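Engineer: Quick one: the structure is below, and I'll ask about it shortly.
The values are calculated or read from the model by the stated rules, or taken from the named source; none is laboratory data. These numbers were taken from a predicted model, which means no experiment stands behind them. Don't worry about glycine lacking a Cβ; one is built from the backbone with ideal geometry, like all the others, and counts go over all protein chains shown. Accessible surface is based on the protein model in full, side chains and every heavy atom, while ligands, DNA and RNA are left aside. Shrake-Rupley method; radii C 1.70, N 1.55, O 1.52, S 1.80 Å.
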Amino acid sequence: MDYLTLGSWIVAFIVMIGVILAFFRIFEKSKPRVEHLVLIAILVAISILGSLPTAAIPGVQAASFIIIMTGIVFGRETGFITGVLTPLVLGLFLGLGYWTILQMIGWGLMGLTAGIFRVKLGENSYIRAGFGFAWGFFYGWITNISMLLFLSSVTLTSVLGVYIASAPFDLLHGVTNAVLLILFFGLFERIFKRIRDRYINSPDGEAKSLNKQ
Amino acid sequence: MKLTIIHPAVYVIYYLLLVILAFLYNDPYYMISFLICVSALIMLQGISREFKNVIQFFIPMSLLIIILNPLVAQVGTTRIYVLGSYFITLEALVYGILMSLSLLIILLLFASYNRAVSYQEMLYLFSKRFPHISMIIVMALRFIPLLSYRLTEVNKISRFNQENQGNQKIESRVDKIKKTAQMLAVVVSWSLEESMLTAKSMKARGYGIMKRTSYLSYKLRKIDYLFILVISATTLICTMGLANGFGRIEIYPTLHFSVHESMFNPYYFSFLILLLPLIYLEFKERLIWH
Amino acid sequence: MALVEFENFSFRYPKQKNTLSNINLDVSPGEFVLLCGPSGSGKTTLLANIKNEIKPVGDSEGTIYYDGVDIRNLEEKRSASEIGFLFQNPEDQFVSDNVLQEIAFSLENMGLSTGEIRNRVAEMAAFFGLDKHLYRNVSELSGGQKQLVNLCSLLVLKPKLLLLDEPTSQLDPIAAYDFLSILRRLNEEFSITIMATEHKIDNLFPFIDKAVFLEDGFIKYKDEPRRVCSEAWKNDIFRNYLPSVTRIHFLLQSKYQSPNKVEIPLNIREGRRYLSLLNNQLEEIPRAQLNGGLKLNEALNSQNSLDKHSKVLMECKDVWFGYLKEHIVLEGIFLQVKQGEFLSMLGGNGTGKTTLLQILSGLLKPQKGKVIHGKDLTLGYVHQNPLIHFHQETVEEELMELSAEFPEDKSRSTGFLGFLSEHSSSKKATSSVNRRISSGDRSVFEHEREELIDLFGLSELLGKHPYDCSGGEQQKIAITKALLTNPDILFLDEPTKGIDPMSKLHLADKLKKLQEKGLTIVMTTHDIEFAAEYTERCVLLFDGGLQVDDTPKSVFSNNNFYTTFVNRMVKDYLPDCITLEDVKEQWMI
């Protein structure tokens, strides 16, 4: 790899980390309530449980589903933070690597966009399914960057090559997302909303929650 | 048990440096020395078991790199014709192989890093500026085993209900996904409900009323300064070497590589010295404790 | 001056009637105060109101003073460090994954220096003997250790006042006893003021300074324990809350005159002393009835009651189970479950009670050995934590769920629901009932559901979210749900965990009724009193095997330590008596 390419990769990674850290700073500054912190921790733990290939859940990647649901119900900040922390904690469990950063960006953006389009996504199940399906690919494309690092040059063909190689996985991911979002949106929305209404937006007024619409 | 004690921040910097260098070097001699040293480090750290995981991850990725590189980059001059007029270049093939070697080194470096720096140490570095985020991470790590226990219990109950309510149909994949999601839903609602008590308990113990401190405390000690001195000196020399082309071979447009020219120069030695301190420290500990 | 002072305090949750009304209460420094009352009487609300950080949302009147300061004006730092609050469930209070971090958590919150944090952790860990466990993962600890770690995490802050909300309700009796001894030490040796709510008070009553009984948010009794006892005995509900020893005392007092005025006994030692005073009068009761002859009768009876249900419904043969080769939980268990019996499985923590129950019910598969039962046997199972069974919005939906998924084509076995229906007294009728259900007519099933709902008194809860119900209510809902599948055997895992004495009585009553109607019940429990009083057969697990398998009478009358409070008290006079009812019968009171 020549210095220029390496340099631009390093800059790119620094920017990514910078964006994540900036978001973290905003979160810290917003003085989140304790309930909010515990909530995010639980959501992160759940999405990790949904993505670990354990015996209890055979072959379903539920992390993306949980993160999208978080974005829709709890809003973009919570969605983003949950998305970003999921791979980080997963990394602490299974081992960190440079790909962790890409996963953080991928899942973080997933939660963020779900939060941005929460109204649309909540209303229309087709849009929701399409959103989940598309994110199966977007996520794949973002994490594929870790492969691009090892190719001689980043050209259209090389990018296409990598993306074609990962397409089957992305397809499966997208379809799983879409199916879960169609079948279980209502169930999980109900569960999440109960918590949101009871504890996060509790009526004592001091709730400085992050998810103002 | 982790024995070598260096300030975690120094570790982070050192490993980061090594990862960048793994991308920069492409001279086979350097790469192989690098690989040997990292492997030795891993052996000394006693994580040969993780070696297997790394290899499992590495093989498909390296194959992809080796195959994709010549397919997408037809920039070399030494053509190898495969099918009629379709050719790949030797240069691209070599590039792919060297790159997958880099990948291996990087994977091993991360494995070693995960062993060397515990997550408590990482969070210690992180928690000063991001106390809430670190708290979330700590809690998430605590919740994972708890939720996983709950999930197995819910799984048992769900199987039990299935057997005792008499709908033992042959399961399709959709049914399975459905069942999984339903189980996850029970765990989610149950855990969310209980987690609010966790929040209460945290508040009751004064979380958030003032700036948090830490049980852990690391100060830079003599050995850390020595370590920093060694790595910055050698890195400086290595960088100078790299600027003059030591440690790098020319691949495109034509592969240039000869046996004699790149060995036995101060740059190579400083590179080796850069790799050694951690190995030396780990080795010393081994001798003491065995 | 009082450390805590309630002045005409009332509290009301939004849109509800008063949870606490007109509370006046003084707690002096160093006092140990026990709060008792049925669930919903406002105990927890009262405690939580003293702690600013977790004060429930609602309207309050009157004032609470802490050390002379209005609690609302108490500095955050002072409130956090001087007032410690321990919750019921040890699991929910952990925020980090190892013991050390957990203990240090509260100190880190206070912004103490690393050196100070280390000092305090070291001191506390040494005092509680936790130093060996510092780096263990919290999920590996036993329930008692978990609660101890939680307590440590409060004590490092050097609190002056500890508020404990049913701290031992989730622990087994031994762990609970240890925990209470520690509380006693903290109170006596370090003069920490303690306010605790608790249901199992036999071990606690002897060393408290003041007992407060709450009813519907009002303070019913508030006094030194002996005086409270004599008051509470007059009340039909609150007498159930008194220690067994004291209850025996009152029963005897109504019939026999003690020679000289005695203090009301609170612990076994005092109880025995009291009995020795009555010695002469007790001996006048015909001996034959008390000793040898009785024993023989009992033995015969017990033999009969075991044989009565001769049909074996389920049998496990040489069952082995373990997660690790080094740690085998069950080593070659042989056990029969007979039709219509109420079987309890007892044993210390980690002896494999729950594992055996899960193996019997088919939740777990044994690694070696077999569980044999009839093919068409239907089983019902209720988990330790009833929450696991709920996934609907309301209790009603929870109970409707089954009829929605009711199997259309499976001809159902003759189970227990049939017995419940008064219209169908014979097996024939029952099976016709079942056939009618399977042919799509659900009205009978609906009818049976109504009856179950009535039996367990759930009709008022139907509109509630299951999570919003109290522990006892959740237990009943889960049991009802399990019964709707029409099981032959009902498996219950710790059904009395954390529920108050009245709910326990209520639950026992219902279970007994169901059993009389033909349901077989197998349960694990830590609650010796409960097992002694209501079950017919006790199995004691120890070291991977079934140590004892007999009637509760013979199991507990043989034990010196692992037995009921009643038995411990009257052992010298009535060695076979293990429950209050037995004593009443024998002494004709």
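Engineer: Using the charge dipole of the protein assembly as shown (Lys, Arg: +1 at Cβ; Asp, Glu: -1 at Cβ; taken about the Cα centre), state which of A:Val34, B:Pro253, B:Phe283 has its Cα farthest towards the positive end.
Structural biologist: Farthest towards the positive end: B:Pro253.
Engineer: I would also like to ask the following. So what is the orientation-averaged projected area of the stretch B:146-204, using the convex hull of its C-alpha atoms, in nm²?
Structural biologist: Taking a quarter of the hull surface, the average projection is 4.6 nm².
Engineer: Once the piece of chain linking C:Lys255 and C:Leu277 is laid out straight, how much longer is it, given 0.36 nm per residue of separation minus the C-alpha distance between them?
Structural biologist: 6.5 nm
Engineer: For the stretch B:1-109, I need the span (max minus min coordinate) of the C-alpha atoms along each principal axis, in Å, sorted largest to smallest.
Structural biologist: If we take the Cα atoms of the stretch B:1-109, the spans are 59, 25, 21 Å.
Engineer: Where Lys and Arg each count +1 and Asp and Glu each count -1, what net charge lies around C:Glu5 among other residues with Cβ under 11 Å from its Cβ?
Structural biologist: Residues near C:Glu5 contribute -4 overall.
Engineer: Could you tell me what percent of the DSSP beta bridges with both partners in the protein assembly as shown are antiparallel, to the nearest 5?
Structural biologist: Restricted to the protein assembly as shown, the bridges split so that about 55 percent are antiparallel.
Engineer: Could you give the longest part of chain B that holds none of the chymotrypsin sites (Phe, Trp or Tyr not before Pro) found in DSSP loops with at most 16 neighbouring Cβ atoms within 10 Å?
Structural biologist: B:1-256
Engineer: Give the average, rounded to an integer, of partner chain Cβ atoms located within 10 angstrom of each Cβ in A:156-163.
Structural biologist: Counting Cβ atoms of other protein chains within 10 Å of each residue's Cβ and averaging gives 3.
Engineer: Now a separate question. Which value in Å is the Kirkwood Rh of chain A over different Cα pairs?
Structural biologist: It is 18.0 Å.
Engineer: Right, here's the next one. Compute the separation of the alpha-carbon centres of the stretch B:64-137 and the stretch A:126-196 and state it in Å as a whole number.
Structural biologist: So the two Cα centres are separated by 22 Å.
Engineer: Note the buried accessible area between C and B here, summed over both chains, with a 1.4 Å probe, in Å² to the nearest 100.
Structural biologist: Result for this pair: about 4700 Å² buried.
Engineer: Give me the percent of Cα-Cα pairs in the protein assembly as shown that sit more than 58 Å apart, rounded to a whole number.
Structural biologist: 22
Engineer: Using a simple charge model, +1 on the beta-carbon of Lys and Arg, -1 on the beta-carbon of Asp and Glu, nothing else, what dipole does the stretch A:3-212 show about its Cα centre, in debye to the nearest 20?
Structural biologist: Magnitude of the dipole: close to 460 debye.
Engineer: Using a 1.4 angstrom probe on the protein heavy atoms only, could you order B:Arg129, A:Arg194, B:Arg286 from most to least accessible area?
Structural biologist: B:Arg129, B:Arg286, A:Arg194
Engineer: Between C:Glu123 and B:Leu35, how high is the FRET efficiency from 1/(1 + (r/R0)^6) when r is the Cβ-Cβ distance and R₀ = 60 Å? Nearest 0.05.
Structural biologist: After rounding to 0.05, the efficiency reads 0.75.
Engineer: Then there is this: Report the relative contact order of chain C, percent, no decimals, based on alpha-carbon pairs under 8 angstrom and at least 6 residues apart.
Structural biologist: Once divided by the residue count of chain C, the mean separation gives 14 percent.
Engineer: For peptide A:145-151, what's the mean number of Cβ atoms from other chains within 10 Å of each residue's Cβ?
Structural biologist: 6
Engineer: Shifting gears a bit: Can you tell me how much longer the chain between C:Ser191 and C:Tyr13 gets when fully stretched, taken as 0.36 nm per residue apart minus their C-alpha distance, in nm with one decimal?
Structural biologist: 60.7 nm
Engineer: Here is the link list: C:Lys200/C:Lys504; A:Lys31/C:Lys158; C:Lys55/C:Lys220; C:Lys311/C:Lys353; C:Lys353/C:Lys571. Which ones come out longer than 18 Å on Cα distance?
Structural biologist: Pairs exceeding the cut-off: A:Lys31/C:Lys158; C:Lys55/C:Lys220; C:Lys311/C:Lys353; C:Lys353/C:Lys571.
Engineer: Can you give the alpha-carbon Rg of chain C over 2.2 N^0.38 Å, where N counts its residues?
Structural biologist: Normalised Cα radius of gyration, chain C: 1.04.
Engineer: Given the rule -39500 (n - 2.57) for each run of at least 4 DSSP H residues, summed and divided by the residues of chain C, what is its mean residue ellipticity at 222 nm, to the nearest 500 deg cm²/dmol?
Structural biologist: Value at 222 nm, helices only: -11500 deg cm²/dmol.
Engineer: Could you run the numbers on buried accessible area between B and A, total for both chains, 1.4 angstrom probe, in Å² to the nearest 100?
Structural biologist: The contact between A and B buries close to 6200 Å².
Engineer: For peptide A:187-197, how many partner chain Cβ atoms fall within 10 Å of a residue's Cβ, on average?
Structural biologist: 4
Engineer: Right, another one. Would you calculate the separation in nanometres between label points at B:Phe264 and B:Ile80, each defined as 7 Å from the Cα along the Cα-to-beta-carbon direction?
Structural biologist: 3.2
Engineer: Would any residue of the stretch B:84-125 have its amide N under 15 Å from a label point 7 Å out along Cα→Cβ of B:Val12? List them or say none.
Structural biologist: Under cut-off, by backbone N: B:113-114, B:116-125.
Engineer: Would you mind working out the accessible area per residue for the protein assembly as shown, using a 1.4 Å probe, and quoting it in Å²?
Structural biologist: Heavy-atom accessible area per residue stands at 42 Å².
Engineer: Now for a different question. For A:Trp135, what accessible area in Å² do you get when you roll a 1.4 Å probe over the heavy atoms of the protein chains, rounding to the nearest 10?
Structural biologist: Here the residue's solvent-accessible area equals roughly 20 Å².
Engineer: Same structure again: Please calculate the 1.4 Å probe accessible area of C:Ile219, with all protein chains present, and give it to the nearest 10 Å².
Structural biologist: For C:Ile219, solvent-accessible area is about 40 Å².
Engineer: Sticking with this one: Rounded to the nearest percent, how much of the accessible area of the protein assembly as shown (1.4 Å probe, protein heavy atoms only) is carbon and sulfur?
Structural biologist: 58
Engineer: Determine, at each q value in 0.13, 0.24, 0.25, 0.28 (inverse angstroms), the log₁₀ of I(q)/I(0) that the Debye formula gives when each Cα of the stretch B:45-110 is one equal point scatterer.
Structural biologist: The Cα Debye sum returns log10 ratios of -0.44, -0.93, -0.98, -1.12.
Engineer: Between Rg and the Kirkwood Rh of chain B, both from Cα atoms, what is the Rg to Rh ratio?
Structural biologist: 1.10
Engineer: Moving on to the next point. How far is it, in nm, from the label point at B:Arg115 to the one at B:Leu63 when both lie 7 Å from their Cα along the line to the Cβ?
Structural biologist: That separation, rounded to one decimal, is 2.7 nm.
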